[in-house]
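What follows is a set of notes on a single structure, which appears directly below.
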Amino acid sequence: MRNKIIMFSVVAAVVFASACNNSGNSTQNQQLTVASDSAAVKYQCPMKCEGDTAYTTAGQCPVCEMNLEKVTQ
């Protein structure tokens, strides 16, 4: 029984540590710039997670992590 508790604790610690380590994911660290009304090309989340927020560069939605899509004007 004691071995099972120790093994569970080790597995839980590894899962927790790996879940908190986001520094290796370059797409999450990408800086998005909110587009102004005069920006020629805009990108938005297809799920509209942030309402009408648009960005000047392609990337991933900071809320749902879907790829941003070009907005047709």
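The values are calculated or read from the model by the stated rules, or taken from the named source; none is laboratory data. Model, not experiment: these values are computed from the prediction. Accessible surface areas use protein heavy atoms only, side chains included; no ligands, DNA or RNA. Shrake-Rupley method; radii C 1.70, N 1.55, O 1.52, S 1.80 Å.
Here are the numbers for the structure shown:
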| item | result |
| --- | --- |
| Heavy-atom accessible area order for Thr33, Thr72, Thr56, largest first, 1.4 Å probe | Thr72, Thr33, Thr56 |
| Accessible surface ranking that places the most exposed of Met47, Met1, Met66 first, with a 1.4 angstrom probe | Met1, Met47, Met66 |
